[in-house]
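Asks: Submitted below is the structure of interest, expressed as structure tokens.
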Amino acid sequence: MKQQLEKIRQEALAAMEAAADPQELEALRVRYLGKKGELTAVLKQMGKLSAEERPVMGQIANNVRAAIEQTLEQAKTHLAAKAMEAKLRAEAVDVTIPGKEVSLGHQHPMNMVLQEIKGIFVGMGYQVVDGPEVELASYNFTRLNIEEGHPSRDRSDTFYFNDDDSVLLRTQTSPMQIRFMENHKPPLCMLAPGRVFRKDEADATHSPMFHQIEGLVVDEHITMGDLKGALTTLMKRIYGEDSVMRFRPHHFPFTEPSCEMDMQCHKCHGTGEVDGQVCSTCHGEGWIELLGAGMVHPYVLENCGIDPEKYSGFAFGMGLERMAMGRLRINDLRLIFDNDVRFLNQF
Ligand code: DAH
């Protein structure tokens, strides 16, 4: 029996020291120390021993068990350390490999121009506000003095949501005038950039979605001179001190009097011709239309609870894409929306 135990000890220790992974080690533990293991099998025979032999064998058996258990623990620790080392080696980071270049984008050219315009107006004391793109017809039209039956309310021009034409995608940022005057009392100075929607086919100068920037100033004694001053300041800052503007009479239902502002064509300097050819930038007009503006109609002020006898104001609305095209010399509106990086990278 002593030899049996010694044999088990030697075999077990050798096998455990040679074990390649934790599973193999566990199998060895079961094989030697388990309930049906080899050591247990020997111990079961202890009953057959004489009373003198029993404690001696018991002592030896205990030593063998202790030796196996100790070796098992050591082998476990050793395997775990080996596994950790292998894992670390596999996951090692080579800090000398050059990094992957992160390609950084930049602001969209249209947003660059928007930021520029906002900055100029903020500098003149305007508050920049945001409003809903899904709008009520009462704000988009009626309260702006655009009556039922006006051509701009036509279903062929406007995206409506319901049968009674009371909810729509705003066709202009002008409803922001009403929304702002509902919540603010004069003196007020507001700028409202945003998306607008019209049923237009896309071409070089049209898109069913585009951006406008609305402006509104209301106070006592506001005149057309203030309007001209603010807009001329904007244009000279955007297009250069030497740019030439003109104001032309026009009609808008929500302003009276109304005007449009044009800029002299920067390409042909107002002549309409370049090298004997019709100027491609202004189509021979000599002028580029930039925006609509005017003195806020008394009805519109009244619709917002502002006394037109006491207060007056001016308003304007410009197309952001048009401003950006002029500012950055972009010749096709669709380029602004296509998001082709070959185009965007040029700015
Ligand atoms: N909302 C007008 C349009 O979309 C532009 C406009 C004209 C806005 C005159 C104004 C304004 O505020 O006073 O054509």
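The values are calculated or read from the model by the stated rules, or taken from the named source; none is laboratory data. Here the structure is a predicted model, which is why all the values come from computation and not from measurement. Positions of Cβ are generated from backbone atoms using ideal geometry, with glycine treated the same way; all protein chains shown enter the neighbour counts.
Asks: Limited to the stretch 262-276, what total is found for residues that are within 19 Å of Asp332 (Cβ to Cβ) and of a type outside the set (A, V, I, L, M, F, W, C)?
Replies: 2
Asks: Also, I was wondering about something else. Condition (residue is assigned to a helix (DSSP H, G or I) and either farther than 27 Å from Leu333 by Cα or in contact with a His (Cβ under 7 Å, 6 or more places away or on another chain) (or both)) applied to the stretch 206-224: is it met by at least one residue? Talk me through it step by step, then tell me what you get.
Replies: Filtering the stretch 206-224 for residues assigned to a helix (DSSP H, G or I) gives 224.
Now drop any that are not either farther than 27 Å from Leu333 by Cα or in contact with a His (Cβ under 7 Å, 6 or more places away or on another chain) (or both), which leaves 224.
Within the stretch 206-224, one or more residues are assigned to a helix (DSSP H, G or I) and either farther than 27 Å from Leu333 by Cα or in contact with a His (Cβ under 7 Å, 6 or more places away or on another chain) (or both).
Asks: Moving to a separate point now. Given (1) over 24 Å from the mean Cα position of the chain (by Cα); (2) in contact (Cβ under 8 Å) with a residue 40 or more places away in the chain, where does Leu114 come up short, assuming only one miss?
Replies: The one condition Leu114 does not meet is (1).
Asks: OK, next. So Tyr299 passes all but one of these: (1) at pLDDT 95 or above; (2) in a helix (DSSP H, G or I); (3) in contact with a strand residue (DSSP E or B) (Cβ under 8 Å, 6 or more places away or on another chain). Which condition number does it fail?
Replies: Unmet condition: (3).
Asks: For a quick check of your reading of the model, give me the residue pairs whose first member lies in the stretch 230-256 and is more than 15 Å from Phe314 (Cβ to Cβ) and not assigned by TED's automatic domain parsing to the domain that holds Val300, whose second is away from the ligand (no atom under 12 Å from the Cβ) and not polar (S, T, N, Q), with beta-carbon atoms closer than 7 Å and at least 6 apart or on different chains.
Replies: Sorted first by the residue in the stretch 230-256, then by its partner, the list stays empty.
Asks: Inspect all residues belonging to the stretch 133-153 and state whether any of them is surrounded by fewer than 19 Cβ atoms within 10 Å (Cβ to Cβ), within 27 Å of the chain's Cα centre (by Cα), closer than 30 Å to Asp338 by Cβ and not aliphatic (A, V, I, L, M).
Replies: Yes; the residues of the stretch 133-153 include at least one that is surrounded by fewer than 19 Cβ atoms within 10 Å (Cβ to Cβ), within 27 Å of the chain's Cα centre (by Cα), closer than 30 Å to Asp338 by Cβ and not aliphatic (A, V, I, L, M).
Asks: Residues of the stretch 197-218 being surrounded by 14 or more Cβ atoms within 10 Å (Cβ to Cβ) and away from the ligand (no atom under 13 Å from the Cβ), which ones?
Replies: First, the residues of the stretch 197-218 that are surrounded by 14 or more Cβ atoms within 10 Å (Cβ to Cβ): 197-198, 205, 207, 209-218.
Within the stretch 197-218, Thr205, Ser207, Met209 qualify.
Asks: So which of Met181, Met176, Met190 ends up being farther than 26 Å from Glu321 by Cα, within 16 Å of the ligand (Cβ to nearest atom) and crowded, with 16+ Cβ neighbours inside 10 Å? Break it down into steps so the answer makes sense when it comes.
Replies: Numbers: Met176 fails: farther than 26 Å from Glu321 by Cα; Met190 fails: farther than 26 Å from Glu321 by Cα.
When all the criteria are applied, what remains is Met181.
Asks: Being more than 30 Å from Arg153 (Cβ to Cβ), modelled with pLDDT under 90 and out of contact with any Ser or Thr (no Cβ under 8 Å at 6 or more places or on another chain): is that true of Cys282 here? Don't jump to the end; show me each part of the working.
Replies: On the way: more than 30 Å from Arg153 (Cβ to Cβ): yes; modelled with pLDDT under 90: yes; out of contact with any Ser or Thr (no Cβ under 8 Å at 6 or more places or on another chain): yes.
Here the answer is yes, as Cys282 does meet what is asked.
Asks: Among the residues of the stretch 275-311, write down those that are out of contact with any Lys or Arg (no Cβ under 6 Å at 6 or more places or on another chain) and hydroxyl-bearing (Ser, Thr, Tyr).
Replies: First pass over the stretch 275-311, keeping only residues out of contact with any Lys or Arg (no Cβ under 6 Å at 6 or more places or on another chain): 275-278, 280, 282-302, 304-311.
Selection gives Ser280, Tyr299, Tyr311.
Asks: Six or more apart or on different chains, Cβ under 8 Å: which pairs go from a residue in the stretch 314-331 that's in the same structural domain as Ser258 (by TED's automatic domain parsing) and within 16 Å of the ligand (Cβ to nearest atom) to one that's in a strand (DSSP E or B) and hydroxyl-bearing (Ser, Thr, Tyr)? Could you list them?
Replies: Listed by first residue and then by second, the contacts come to Phe314/Thr255; Ala315/Thr255.
Asks: Answer yes or no: is there a residue in the stretch 225-247 that is of a type in the set (Val, Ile, Thr), within 11 Å of the ligand (Cβ to nearest atom) and in contact with a strand residue (DSSP E or B) (Cβ under 9 Å, 6 or more places away or on another chain). Give the derivation first.
Replies: Taking the stretch 225-247 as the starting set, the residues that turn out to be of a type in the set (Val, Ile, Thr) are 232-233, 238, 244.
This time we only want the ones that are within 11 Å of the ligand (Cβ to nearest atom), so: none.
Checked the stretch 225-247: no residue is of a type in the set (Val, Ile, Thr), within 11 Å of the ligand (Cβ to nearest atom) and in contact with a strand residue (DSSP E or B) (Cβ under 9 Å, 6 or more places away or on another chain).
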